[in-house]
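The values are calculated or read from the model by the stated rules, or taken from the named source; none is laboratory data. From a predicted model like this one, the values you see are computed outputs, not experimental measurements. Every residue, glycine among them, receives a Cβ derived from its backbone with ideal geometry; neighbour counts consider all protein chains shown.
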Amino acid sequence: MRGNVKAAVEAALFVATRPLTLEELARGLRFPEDEVYAALEGIAAELEAGGKPYRLVRKGGGYILELREEYADLVRPFAPGGDIPEPVLRTLALIAYRGPIKQAEVVRIRGQRAYAHVKDLVKRGFVRARKEGATKILEVTEEFLEYFGLESPKDFRAPRD
């Protein structure tokens, strides 16, 4: 394996906002898949042995560097979106899980403060609101999916009857 393959793979994972597949890494970095796979194994082993605050994980069909839980609360104020209050996150979870969902239904479940939560989530780019009659239809955006390392809303939605 060429020496710069591992560094290139780690750099790609470092800047990625979503999991990257083996194929994406190999194609984008122009290295053979077997070399990229060996680099991924080496990176994972080094991160485990080195006691780093992050690790390499498989998620959503790809690989991503993920912060270890014990550091999450410590660095939350520095993370994009890390300043989202818990009630707003709960409203976001409802929209993500049940969406597309009428804003009136979100307000019925979460209360009147949900109007402000939705406004905040739209401003942050995590939720899209389109007018339908007297209410709005709410659903998560691609930015939301990328931020949380998901490929599709199907990764977390409730099954429909």
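The residue that is surrounded by the most Cβ atoms within 10 Å (Cβ to Cβ), among those in the stretch 62-77 that are in a helix (DSSP H, G or I) and among the aliphatic types (A, V, I, L, M), is 72. Exactly one residue among 25, 13, 40, 47 is surrounded by 16 or more Cβ atoms within 10 Å (Cβ to Cβ), of a type in the set (A, V, I, L, M) and touching a residue at least 40 places away in the same chain (Cβ under 8 Å), and that residue is 13. Take residue 122 and decide whether it is β-branched (Val, Ile, Thr) and surrounded by fewer than 18 Cβ atoms within 10 Å (Cβ to Cβ). Here the answer is yes, as residue 122 does meet what is asked. Within the option set 161, 155, 83, being surrounded by 14 or more Cβ atoms within 10 Å (Cβ to Cβ) and at pLDDT below 80 holds for one residue only, 155. Within the stretch 117-126, one or more residues are aromatic (Phe, Trp, Tyr), closer than 24 Å to residue 65 by Cβ and at pLDDT below 95.
Given 143, 139, which one is surrounded by 14 or more Cβ atoms within 10 Å (Cβ to Cβ) and under 16 Å from residue 18 (Cβ atoms)? Lay out the reasoning, then the answer.
Details: 139 fails: under 16 Å from residue 18 (Cβ atoms).
Exactly one of 143, 139 is surrounded by 14 or more Cβ atoms within 10 Å (Cβ to Cβ) and under 16 Å from residue 18 (Cβ atoms), namely 143.
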